[in-house]
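The values are calculated or read from the model by the stated rules, or taken from the named source; none is laboratory data. Because the structure is predicted, anything quoted here is derived from the model rather than measured. Because the Cβ atoms are built from the backbone with ideal geometry, glycine has one as well, and the counts that use them run over all protein chains shown.
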Amino acid sequence: MLAEWLFVETVADVWRRSEDPGGRSRYELLGIAPLLRKLLIDASPLLNTVRAARPGVPTEFRIKQWTAPDVGHDDEDLPYLLRLGGPELVGGPEDPVLPKLKHFIGAKVGQVQGRPLTVLEVIKYYANVEGGVHFGVPKDEPDHVLGEVAPLLLGHSTGHIEILAHLGTIVVDALTPLRDSIIDSPLIDTRMHRRNNRGSYAGHWTAGHYKDVSQMR
């Protein structure tokens, strides 16, 4: 029951922070990283904990994996230290589905020194190095490169860190059916709660969310 409450609140927080990324502060965007870490990549991801009780509810990640843009003849040999995807990463109903979490966190969202950069690496960097959860020491090559670029942009642009909002949008879209399932039929202690004539459980934590489900669709 507690896991379902935490899941619903976390998805709602990701949704709020991912709306209008250009209008968010760097700190607000950084706050997406620990939420995604908790949902997707912790040792026991919250998504897996909640989904175990609702195996029939689909979680479909729709992401347009990053591809290098076409370059002119004069640009072919330019060495790019870092490239990150933008809003074009967010897939639509017509795009292929990644039904498994491991495939989504392994999806390519950029390039660092000529090699692919994945969803997992981006979340871990912002959560564990730049201060989403810990302000840590870079360990891997992507961490070092992202860490070198961040101070140059601080106070000038949120361009790179906005990738968290785009990943957040993909995650919210994928997890909304599971969220809706919880709101509609939460795990209930029947000694305390009964469904009322409006379809919600009076006095239950889901009552405040019931009317808001449509906003996230």
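For the stretch 32-60, what are the residues that are of a type in the set (Gly, Ala, Ser) and crowded, with 21+ Cβ neighbours inside 10 Å? The answer is 33, and nothing else. Among 121, 130, which is the only one that is within 18 Å of residue 63 (Cβ to Cβ) and modelled with pLDDT under 95? One residue alone meets the criteria, 121. State whether one or more residues within the stretch 85-104 are under 16 Å from residue 173 (Cα atoms), in a helix (DSSP H, G or I), at pLDDT 95 or above and of a type in the set (A, V, I, L, M). Yes, that holds for at least one residue.
Considering the stretch 150-163, the residues that are buried (at least 16 other Cβ atoms within 10 Å of the Cβ) and modelled with pLDDT under 75 include one that is nearest to residue 22 (Cα to Cα), namely 158.
Please tell me if residue 18 is polar (S, T, N, Q), more than 27 Å from residue 100 (Cβ to Cβ) and either surrounded by fewer than 18 Cβ atoms within 10 Å (Cβ to Cβ) or at pLDDT 95 or above (or both). For residue 18, the condition - polar (S, T, N, Q), more than 27 Å from residue 100 (Cβ to Cβ) and either surrounded by fewer than 18 Cβ atoms within 10 Å (Cβ to Cβ) or at pLDDT 95 or above (or both) - is not met. Given the condition part of a helix (DSSP H, G or I) and of a type outside the set (Ser, Thr, Tyr), answer yes or no: does some residue in the stretch 51-70 qualify? Within the stretch 51-70, one or more residues are part of a helix (DSSP H, G or I) and of a type outside the set (Ser, Thr, Tyr).
What do you reckon, is residue 51 basic (Lys, Arg), within 30 Å of residue 129 (Cβ to Cβ) and at pLDDT below 95? Judged against the criteria, residue 51 is not a match. Among all residue pairs at least 6 apart or on different chains, which show Cβ distances below 8 Å where the first residue, located in the stretch 25-39, is of a type in the set (Ser, Thr, Tyr) and the second is surrounded by fewer than 24 Cβ atoms within 10 Å (Cβ to Cβ) and not in a helix (DSSP H, G or I)? Qualifying pairs under 8 Å: 25/158. Evaluate the following for residue 179: is it modelled with pLDDT of 75 or more, of a type in the set (Lys, Arg) and under 24 Å from residue 60 (Cα atoms)? Answer is yes for this residue.
Can you list residue pairs whose Cβ atoms sit under 6 Å apart, with the first residue in the stretch 86-115 being touching a residue at least 60 places away in the same chain (Cβ under 8 Å) and farther than 24 Å from residue 142 by Cα and the second being aliphatic (A, V, I, L, M) and crowded, with 19+ Cβ neighbours inside 10 Å? Count only pairs 6 or more apart in sequence or on different chains. Close Cβ pairs (under 6 Å, with a partner that is aliphatic (A, V, I, L, M) and crowded, with 19+ Cβ neighbours inside 10 Å) amount to 91/63. Scoring residue 135 on the criteria (1) among the aromatic types (Phe, Trp, Tyr); (2) more than 14 Å from the chain's Cα centre (by Cα); (3) surrounded by 20 or more Cβ atoms within 10 Å (Cβ to Cβ) leaves a single failure, condition (3).
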